[in-house]
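Reviewing the structure listed below.
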Amino acid sequence: MFTGIVEELGEVVRITETAGDSALVALRGPLVTSDARHGDSIAVNGVCLTVVDVSDGTFTADVMGETLRRSALGALRAGDPVNLERAATLGSRLGGHLVQGHVDGVGEVVAREPAAQWETVRFRLPAALTRYVVEKGSITVDGVSLTVAGVGPDWFAVGLIPTTLKLTTLGARRVGDPVNLEVDVLAKYVERLLDARLADPALPDAGPPVAGLPGVAAPGGVA
């Protein structure tokens with residue numbers, strides 16, 4: 001689990017094709033590797049990857065063909081900058097929102113509108129994700145937690161402050177560039193629960209509340 005607050009702007013060192021259609025990716029990130037160990041999780045442009053090895057500020061990770069096809073990682077080349085974030089701990093501040101590192105789709109930069117103190121960027125939104133994106137809601141773009149400033153039938157827009165433009169890859173993204181998108185996981189769970197309820201209205205309720213907590217069933221159904 002991540003928060004969408006980028007810790008470091010890293011760099012792709014090399015990409016080595018492995019058996020099948022997968023790859024071994026080496027990425028430079030002195031900060032995120034300072035306490036990284038084999039098996040740890042690091043988000044790379046919003047994709048949760050598992051650390052295979054760490055050496056001199058660089059870590060390697062295996063990337064399956066499925067991940068390369070369904071995210072923008074397949075477009076990376078040696079020398080490209082990447083947003084890096086270590087997995088959150090129980091004591092972490094939740095500065096962004098709950099991010100799983102599971103990409104839901106690939107969007108595309110369609111317009112950039114600079115202003116005096118910020119920049120509005122519009123992204124193309126895959127049709128399958130439009131129902132999860134709402135104005136003032138949260139969305140993750142290349143691993144960056146952002147607030148939706150506007151939404152249309154097939155697009156959404158965000159406002160980027162100078163810090164985000166400077167310290168993440170979003171500052172250099174050009175029109176036509178692909179980006180990884182992850183919608184708010186809460187919206188997906190709510191949809192799933194509502195779909196189940198509509199499909200079978202006879203499903204039992206959660207039960208009476210426990211100790212004043214609404215919606216939490218008591219043991220044996222007794223409050």
| task | Can you run down the residue pairs with Cβ atoms below 7 Å, 6 or more apart or on separate chains, where the first is in segment 119-142 and closer than 18 Å to His102 by Cβ and open to solvent by 30 Å² or more (accessible area, probe 1.4 Å) and the partner is in a strand (DSSP E or B) and aliphatic (A, V, I, L, M)? | result | Tyr132/Val183
| Among the residues of segment 60-67, is there at least one that is open to solvent by 50 Å² or more (accessible area, probe 1.4 Å), out of contact with any Leu (no Cβ under 8 Å at 6 or more places or on another chain) and modelled with pLDDT under 95? | yes
| task | State which residue is farthest from Val106 (Cα to Cα) when the search covers only segment 81-91 and only residues that are touching a residue at least 24 places away in the same chain (Cβ under 8 Å) and open to solvent by 50 Å² or more (accessible area, probe 1.4 Å). | result | Arg86
| task | Out of Leu90, Leu49, Leu31, Leu84, report the one residue that is more than 15 Å from the chain's Cα centre (by Cα), more than 26 Å from Gly150 (Cβ to Cβ) and modelled with pLDDT of 95 or more. | result | Leu31
| task | Within segment 107-118, track down each residue that is open to solvent by less than 60 Å² (accessible area, probe 1.4 Å) and either touching a helix residue (DSSP H, G or I) at 6+ places or on another chain (Cβ under 7 Å) or in contact (Cβ under 8 Å) with a residue 60 or more places away in the chain (or both). | result | Gly107, Val109, Val110, Ala111, Arg112
| Considering segment 162-210 alone, what residues qualify as being in a loop (DSSP other than H, G, I, E, B), surrounded by 13 or more Cβ atoms within 10 Å (Cβ to Cβ) and at pLDDT 85 or above? | Thr168, Arg173, Asp177, Asp184
| In the set Gly159, Gly150, which member is open to solvent by 30 Å² or more (accessible area, probe 1.4 Å), farther than 21 Å from Val103 by Cβ, out of contact with any Lys or Arg (no Cβ under 7 Å at 6 or more places or on another chain) and assigned to a strand (DSSP E or B)? | Gly159
| query | Can we say Val52 is touching a residue at least 24 places away in the same chain (Cβ under 8 Å), open to solvent by 40 Å² or more (accessible area, probe 1.4 Å) and touching a His at 6+ places or on another chain (Cβ under 8 Å)? | reply | yes
| message | Give me the strands (runs of 3 or more DSSP E) completely within segment 37-132, filtered to those with at least 2 residues that are closer than 15 Å to Val12 by Cα, ordered by residue number. | response | 41-44, 47-55, 58-63, 81-86
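The values are calculated or read from the model by the stated rules, or taken from the named source; none is laboratory data. Just so it is clear, the structure is predicted and the values come from calculations on it, not from any experiment. Here the Cβ is made from the backbone with ideal geometry for all residues, glycine too, and neighbour counts use every protein chain on show. What goes into the accessible areas is simple: the full protein's heavy atoms, side chains included, and nothing from ligands, DNA or RNA. Shrake-Rupley method; radii C 1.70, N 1.55, O 1.52, S 1.80 Å.
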